[in-house]
């Protein structure tokens, strides 16, 4: 098995999830509670990666972070490096690609928190930020956990975007799924079977955990 | 000094309902105010505007001289700054926190424990809200609201989520708890008995407007107009014409019948408001009595309502009497029995008919 690729995928998935929790949770909060009329446009943009072919997404990301683009130029100026075919570029693409997998479950969980509990907290004199921390977040915890798990799993298995933006550089951008592709191309079916089995078992475990969380098999706080 | 609440709010809701509430509550004399009216009158909406949860389109709200809302100056304090405790109809207890932590949620250190004990909830301290009874939940919600030391307490139908037996028991406890806490309170209710039992001051709201405000007994005895009279449950609201006025007495012509009342200076089209319990029923014929306002008629129906009975009479005009079930049994009242109805002149309250004359007293 290509342990280097597995380790790279784990690092990529963990970093993506961490970034998505800091970016996606506030975005989900805004989507759940905002009354702006153009909210649906933001929702549509967030959901785009669900329906867009990964090649299309990857292509645009590649254009957007290329050395001649404003983002690429700024990055080169700040770090001296380049985003395409780097771990950082891959990370950026993964964040965009997995955005709906964090935002949607979290937004659904926020929307499921009884609005009166939030208002009750405000009327008790508790600030909006503290109300989020003490009422909304604990009650939406299963949804936040689901969002994090799904983003992690989705990033672990991504292929098209990685190929477009990251290429296939061992130790830098060669993720598990790319490695399997390589193994098959090299007719090394033994290795491909092993790695595939690993991804299959991993994906199943993650989904089982997610559904168990939603069904409260392991309740985060006791049900009433 | 409990201070005063001044509210003049206008709002048009998405549903098309419009609210125009002018209200002044002197909390100095009346610590507990009841906001009374039928369902859909806009009571909860007004309460939410006072709390800062909904924003009126126009108007101003001041409490103890502090400006909570002023549309003309774009002032709208958030709920956190108003310190107006809000007791939701279904209590909105935090389901993930124990009773003790619910009460201590916004309390100063030590206060939570104090209120837990004062409300007799110490035994339930470690329980979750979902596992205690409705009456207990109500106490927890009240303790939580009071432990945050609000300047004003707003209660939205605090008893409606309870079963009938608990509601009766809790009603008096609730008033005691509010008076003990000494926090000026506004209670929304559509239940007449609750209004009488809980409130000192009362505002009657119908169709988004405050029609009358004043001491509870005053509103019940002297409704400002026909609409308020019907709303507060005066059994007999009869359109009348002033036929004569002499020696401080009015003679009212109500259909074929004539009734006398104390002259309160009303003129024009009026209604005669007579509470059911002020109509006495007698088997004696009319001629033998010298009492004023004695009308001959017959019984149309007798409806028993627990210890009381509602007797519908036809005396040329329809009259409803509320008497004890015992006296119905003693008089053996049956439909079609010939009886006479007696109403004291002081029990006939004359109110203007017009609904435009709705300025709050």
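The values are calculated or read from the model by the stated rules, or taken from the named source; none is laboratory data. Quick caveat: nothing in here was measured; it's all calculated off a predicted structure. Every residue, glycine among them, receives a Cβ derived from its backbone with ideal geometry; neighbour counts consider all protein chains shown.
Observations on the structure shown:
- Where strands (runs of 3 or more DSSP E) fall entirely within the stretch B:277-344, those with at least 1 residues that are in contact with a strand residue (DSSP E or B) (Cβ under 6 Å, 6 or more places away or on another chain) and closer than 16 Å to residue B:234 by Cα are at B:279-282, B:308-314, B:318-324, B:338-343.
- The number of residues in the stretch B:158-172 being exposed (fewer than 15 other Cβ atoms within 10 Å of the Cβ) and either within 11 Å of chain A (Cβ to nearest Cβ) or not in a loop (DSSP other than H, G, I, E, B) (or both) comes to 5.
- Test for residue B:47: is it touching a residue at least 40 places away in the same chain (Cβ under 8 Å) and within 14 Å of chain A (Cβ to nearest Cβ): yes
- Restricting B:264, B:289, B:282, B:301 to those that are over 27 Å from residue B:352 (Cβ atoms), at pLDDT below 90 and loosely packed, with under 15 Cβ neighbours inside 10 Å reduces the list to B:289.
- Residue B:155 vs. criteria in contact with a strand residue (DSSP E or B) (Cβ under 8 Å, 6 or more places away or on another chain), more than 10 Å from chain A (Cβ to nearest Cβ) and outside any strand (DSSP E or B): no
- Single residue of the stretch A:1-21 satisfying the filter (in contact (Cβ under 8 Å) with a residue 40 or more places away in the chain, over 14 Å from the mean Cα position of the chain (by Cα) and assigned to a helix (DSSP H, G or I)) that is surrounded by the fewest Cβ atoms within 10 Å (Cβ to Cβ): A:4
- Residue count for the stretch B:95-106 satisfying the condition of being surrounded by fewer than 22 Cβ atoms within 10 Å (Cβ to Cβ), within 13 Å of chain A (Cβ to nearest Cβ) and not in a loop (DSSP other than H, G, I, E, B): 1.
- In the set (1) touching a strand residue (DSSP E or B) at 6+ places or on another chain (Cβ under 9 Å); (2) assigned to a loop (DSSP other than H, G, I, E, B); (3) surrounded by 17 or more Cβ atoms within 10 Å (Cβ to Cβ); (4) away from chain A (no Cβ under 11 Å), the condition left unmet by residue B:150 is number (4).
- The residue of the stretch B:26-46 that is modelled with the lowest pLDDT, among those that are surrounded by fewer than 23 Cβ atoms within 10 Å (Cβ to Cβ) and within 16 Å of residue B:201 (Cα to Cα), is B:29.
- Residues that are in a helix (DSSP H, G or I), at pLDDT 90 or above and over 30 Å from residue B:54 (Cα atoms) occur in the stretch A:22-45; there is at least one.
- Residue B:139 part of a helix (DSSP H, G or I), at pLDDT 90 or above, away from chain A (no Cβ under 14 Å) and within 19 Å of the chain's Cα centre (by Cα): no
- Positions within the stretch B:175-196 being out of contact with any strand residue (DSSP E or B) (no Cβ under 7 Å at 6 or more places or on another chain), buried (at least 16 other Cβ atoms within 10 Å of the Cβ) and over 15 Å from residue B:35 (Cβ atoms), in sequence order: B:177, B:181
- Checking residue B:123 against (1) surrounded by fewer than 23 Cβ atoms within 10 Å (Cβ to Cβ); (2) within 11 Å of chain A (Cβ to nearest Cβ); (3) assigned to a helix (DSSP H, G or I), the condition it does not meet: (2)
- Taken over the stretch A:127-175, residues that are in contact with a helix residue (DSSP H, G or I) (Cβ under 9 Å, 6 or more places away or on another chain), free of Cβ contacts under 8 Å to residues at least 24 places away in the same chain and surrounded by fewer than 21 Cβ atoms within 10 Å (Cβ to Cβ) amount to 7.
- Verdict on residue B:92 being within 14 Å of chain A (Cβ to nearest Cβ) and either assigned to a loop (DSSP other than H, G, I, E, B) or without any contact (Cβ under 8 Å) to a residue 12 or more places away in the chain (or both): yes
- Hits in the stretch B:70-88 - residues which are assigned to a strand (DSSP E or B) and either within 14 Å of another protein chain (Cβ to nearest Cβ) or within 26 Å of the chain's Cα centre (by Cα) (or both): B:76, B:84, B:85, B:86, B:87
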